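What follows is a short report on a single structure.
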Amino acid sequence: EYIRTQGESPYPDDVVRTLQVALATTPGSRYASIGKNFFLPDDPIPLGGGCEAWKGFHSALRAVQDGLAVNVDISYNGFYANLSVTDMAKDILQIREFDRSGLSDRDRARIQREIKLLRIEVTHRKSKRGDTRFKIEGVSPLPADQEMLEIEYQGQKKKLSVAEYFAERYQPLRYPQL
């Protein structure tokens with residue numbers, strides 16, 4: 001009706017908004033969306049520090065003199081790369097492999113600055129309860145082979161390092177010195 005009456009509809013903004021929602025429905029279900037922008041993870045551009053840029057597009061529906069027009073622009077946005085935490089730490093430090101001596105205080109602080117509050121999903125265990133997503137609160141000053149925890153096992157308390165716990169319960173850590 002808006003087009004037929006050449007903009008004389010009493011609700012032109014509502015019509016344009018409704019069509020805008022319809023225009024965004026398919027991309028919103030297939031791509032990562034931020035606002036009116038949609039991003040495709042197909043060809044990420046590495047940025048370093050565990051981040052990458054994704055190419056995307058912005059679309060907007062506008063009422064113009066002769067009807068409606070769709071404006072589509074290309075956009076880019078930064079995302080965290082889909083990496084393990086240890087691979088992200090290597091990327092942040094710009095190293096290929098960790099030193100056997102562990103992390104210096106400076107490196108630990110640098111990693112913490114970049115990953116604190118990052119939301120992650122653990123892969124060492126599966127859960128039907130959906131409790132596999134966590135937020136990183138910080139990086140321990142002690143490595144996993146020195147950080148101790150106390151667990152109850154068959155009615156008795158037992159002290160284990162985080163590295164020992166993982167080796168017993170799941171699988172040995174790749175970098176117990178971190």
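Sub-7 Å Cβ pairs linking a first residue in segment 149-170 that is under 23 Å from Val122 (Cα atoms) to a second residue that is of a type in the set (A, V, I, L, M, F, W, C) and surrounded by 15 or more Cβ atoms within 10 Å (Cβ to Cβ), at least 6 apart or interchain, are Leu149/Leu160; Leu149/Val162; Ile151/Leu160; Ser161/Ala144; Val162/Ala144; Ala163/Ala144; Ala163/Leu173; Phe166/Leu173, ordered by first then second residue.
Residues checked against (1) within 20 Å of Leu103 (Cβ to Cβ); (2) open to solvent by 100 Å² or more (accessible area, probe 1.4 Å); (3) in contact with a His (Cβ under 7 Å, 6 or more places away or on another chain); (4) modelled with pLDDT of 90 or more:
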residue	(1), (2), (3), (4)
Arg119	no, yes, no, yes
Ser127	no, no, no, no
Asp131	no, no, no, no
Lys157	no, yes, no, yes
Ala163	yes, no, no, yes
Leu173	yes, no, no, yes
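Sub-6 Å Cβ pairs linking a first residue in segment 43-68 that is farther than 30 Å from Arg96 by Cα and part of a strand (DSSP E or B) to a second residue that is open to solvent by less than 50 Å² (accessible area, probe 1.4 Å) and among the β-branched types (Val, Ile, Thr), at least 6 apart or interchain, are Leu61/Val16; Ala63/Val16, ordered by first then second residue.
For segment 145-155, the tally of residues that are small (Gly, Ala, Ser) and either under 18 Å from Leu173 (Cα atoms) or surrounded by 10 or more Cβ atoms within 10 Å (Cβ to Cβ) (or both) stands at 0.
Within segment 101-140, how many residues are basic (Lys, Arg), in a helix (DSSP H, G or I) and under 16 Å from Gly50 (Cβ atoms)? If you could, list the steps in order and put the result at the bottom.
Of all residues in segment 101-140, those basic (Lys, Arg) come to 106, 108, 110, 113, 116, 119, 125-126, 128-129, 133, 135.
After this cut, where a residue has to be in a helix (DSSP H, G or I) as well, the list is 106, 108, 110, 113.
Restricting the remaining residues to those that are under 16 Å from Gly50 (Cβ atoms) gives 108, 110, 113.
Residues flagged as basic (Lys, Arg), in a helix (DSSP H, G or I) and under 16 Å from Gly50 (Cβ atoms) within segment 101-140 amount to 3.
The residue that is surrounded by the most Cβ atoms within 10 Å (Cβ to Cβ), among those in segment 71-102 that are more than 25 Å from Tyr31 (Cα to Cα) and small (Gly, Ala, Ser), is Ala89.
Go through segment 132-148 and give me each residue that's closer than 18 Å to Val122 by Cβ and within 25 Å of the chain's Cα centre (by Cα).
The initial filter retains those residues of segment 132-148 that are closer than 18 Å to Val122 by Cβ, namely 132-140, 144, 147.
Correct list: Thr132, Arg133, Phe134, Lys135, Ile136, Glu137, Gly138, Val139, Ser140, Ala144.
The values are calculated or read from the model by the stated rules, or taken from the named source; none is laboratory data. Just so you know, these numbers come straight off a predicted model, no measurement behind them. We place every Cβ from the backbone using ideal geometry, glycine too, and count neighbours over all the protein chains shown. We work out accessible area using only protein heavy atoms, side chains counted, and drop any ligands, DNA or RNA first. Shrake-Rupley method; radii C 1.70, N 1.55, O 1.52, S 1.80 Å.
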